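Written below as structure tokens is the structure these notes are about.
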Amino acid sequence: IRDEIAKPNIGDSEYRKFMPFLLTVFFFILTCNFLGLIPYGSTATGNVSVTAGLALSAFFAIQIGGIIHNGFFGYFKGLVPHGLPFPITVLMIPIEIIGLLAKPFALCIRLFVNMTAGHVIILALLGLIFLFKAYAVALVAVPFSLAIYVLEIFVGLVQAYIFTILSAVFIGMAVHQEH
């Protein structure tokens, strides 16, 4: 996480401040995703409230990182590009505010949907057995369900990585606004 996510996206001088946050988010999501693979279990990241809490914490990390590095007024002044005509500047301010809110929303929904989708597909495949009440359907549905289950292990790893890397990218964008 340090060498592949934090350093390249946040920068060599600033990444150490955000390592505890990035590591915590990564391992929390990874643990929740794997706990959800236990039979009769449920993944915490399949609950939109949990993913919204994670996205909210990422939002605050992004804003605090940008404010600490650029100063309060410098950070918000840097959101709108310099040298634009006044009417376009007025138009850009709400667009940038929407952009600030869209980043954590995308983090929240992406994690929630991806972690819920695998469970729904497995339940739908197994539900076909009861719907058709045939052993022939079970011979197809059970192997496909097992394949999706193995795929969910991979998806759990990937989603923890994606949430962490996007958080680091957004923090890097807030810290280094000149890029």
**Item:** In segment 83-113, the residues that are under 23 Å from Ala61 (Cα atoms) and of a type outside the set (A, V, I, L, M)
**Value:** Pro94, Glu96, Gly99, Lys103, Pro104, Phe105, Cys108, Arg110, Phe112
**Request:** Working only within segment 1-57, note down all residues that are within 15 Å of the chain's Cα centre (by Cα), farther than 18 Å from Ile171 by Cα and open to solvent by 20 Å² or more (accessible area, probe 1.4 Å).
**Result:** Phe27, Phe28, Leu30, Thr31, Ala44, Gly46, Asn47, Val48, Ser49, Val50
**Request:** Could you pull out the residue among Phe163, Phe112, Phe154, Phe144 that is part of a helix (DSSP H, G or I), out of contact with any Ser or Thr (no Cβ under 7 Å at 6 or more places or on another chain) and touching a residue at least 60 places away in the same chain (Cβ under 8 Å)?
**Result:** Phe163
**Message:** Among the numbered criteria (1) among the β-branched types (Val, Ile, Thr); (2) over 24 Å from the mean Cα position of the chain (by Cα); (3) in a helix (DSSP H, G or I), which one does Val80 miss?
**Reply:** (3)
**Message:** Restricting to segment 10-49, name every residue that is closer than 29 Å to Ala147 by Cα, among the β-branched types (Val, Ile, Thr), in a helix (DSSP H, G or I) and free of Cβ contacts under 8 Å to residues at least 40 places away in the same chain.
**Reply:** Thr31
**Message:** Looking only at residues that are free of Cβ contacts under 8 Å to residues at least 12 places away in the same chain and open to solvent by less than 40 Å² (accessible area, probe 1.4 Å) in segment 67-98, which one is farthest from Gly156 (Cα to Cα)?
**Reply:** Thr89
**Request:** Kindly list, by first and then second residue, each pair from a residue in segment 50-66 that is part of a helix (DSSP H, G or I) to a residue that is of a type in the set (D, E, K, R) and open to solvent by 20 Å² or more (accessible area, probe 1.4 Å), limited to pairs with Cβ atoms under 6 Å and residues at least 6 apart or on different chains.
**Result:** none
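The values are calculated or read from the model by the stated rules, or taken from the named source; none is laboratory data. Since this is a predicted model, take the numbers as computed values, not measurements. When we count neighbours, we look across all protein chains shown, and the Cβ atoms used for this are built from the backbone with ideal geometry, even at glycine. In case anyone asks, the SASA skips ligands and DNA or RNA and just uses the protein heavy atoms, side chains included. Shrake-Rupley method; radii C 1.70, N 1.55, O 1.52, S 1.80 Å.
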